[in-house]
Amino acid sequence: MMQFGNNLFLKANKLLGLVNNLLFPIKCVKCGQPGDFLCDKCRHGLTLKQEDECPVCRQPNKNGVVCVSCTGRSELNFLWVLCEYDEIVKNIIWNIKYNFIEELVKAFDDKIIQYFAGKEKYENALFVPVPLHQRRHLERGFNQSHIICQRLISMTGGKIDADLLLRLKYTQAQAKLKANQRADNLKDAFGANTDALAFYPKGQLIILVDDVYTTGETMQQCARELKKEGFVNVGGLVLARGKRG
């Protein structure tokens with residue numbers, strides 16, 4: 001009876017998948033080619049970021065560190081950016097966040113490998129996803145920053161701890177706000193989980209992970225909370241950097 005029930009469930013699930021593919025066929029989010037959410041041609045069109053830049057003024061430099069002229073203006077010690085923020089990347093990120101296609105995060109796998117190939121090894125780094133409010137997580141079904149972290153450590157080493165930061169209040173989506181509204185939107189939105197942080201030495205390299213860095217308010221506020229707890233080596237890593245950041 002149990003075997004019969006399992007077979008029936010598998011057949012029903014397969015039928016549901018076929019119906020779903022007929023009604024909502026999978027196609028490339030960029031060019032519309034059927035078969036995958038991002039076809040091989042568009043995936044190969046992703047452009048690796050050629051230079052690291054200061055998180056504040058965007059002056060090119062080694063490893064994206066804060067330049068001398070911007071000292072004291074950034075809570076992040078450095079910012080790493082994987083890809084140029086072109087139309088393909090913009091389209092992919094929009095579909096991840098607002099069409100809830102989490103599989104598209106895998107489109108950046110090759111760029112992660114290429115980007116880290118030119119850097120020193122950071123196996124001891126602790127990757128920390130920018131947290132979502134519980135309500136936003138329920139709306140979306142996943143935290144894209146956490147998924148990016150998982151892809152990162154699967155190819156570069158290191159480990160994830162998603163419990164170090166807390167999202168204390170539900171806020172409007174930053175992408176839908178003007179630059180001068182973003183800081184107020186995120187005021188008191190994040191907090192540090194002191195119980196979780198107690199397991200790590202103050203010198204632990206922490207790399208905050210998010211999808212896009214535009215004005216930088218989200219990541220800067222997260223870094224500020226960690227700095228308040230005495231952590232001195234806090235950087236950021238994003239898929240792309242928006243035009244206004």
Selected residue (only one of ASN91, ASN63, ASN124 is surrounded by 15 or more Cβ atoms within 10 Å (Cβ to Cβ), in contact (Cβ under 8 Å) with a residue 12 or more places away in the chain and among the polar types (S, T, N, Q)): ASN91
Where the second residue is buried (at least 19 other Cβ atoms within 10 Å of the Cβ) and part of a loop (DSSP other than H, G, I, E, B) and the first is not assigned by TED's automatic domain parsing to the domain that holds LEU237 and lies in the stretch 202-217, which pairs have Cβ atoms under 9 Å and are six or more apart or on separate chains? none
If you take the residues of the stretch 4-53 that are surrounded by 11 or more Cβ atoms within 10 Å (Cβ to Cβ) and of a type in the set (S, T, N, Q), which of them is modelled with the highest pLDDT? THR47
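This table checks each residue for (1) small (Gly, Ala, Ser); (2) part of a helix (DSSP H, G or I); (3) over 19 Å from GLN144 (Cα atoms); (4) modelled with pLDDT of 95 or more.
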site	(1), (2), (3), (4)
GLN181	no, yes, yes, no
ASP188	no, no, yes, no
VAL209	no, no, no, yes
LYS227	no, yes, yes, yes
Only listed residue being part of a loop (DSSP other than H, G, I, E, B) and either more than 16 Å from the chain's Cα centre (by Cα) or touching a residue at least 12 places away in the same chain (Cβ under 8 Å) (or both), chosen from LYS97, LYS119, LYS111: LYS119
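The values are calculated or read from the model by the stated rules, or taken from the named source; none is laboratory data. Remember, it's a predicted structure, so these values are computed and weren't measured experimentally. So basically every Cβ, Gly included, is an ideal-geometry build from the backbone, and we count neighbours across all protein chains shown.
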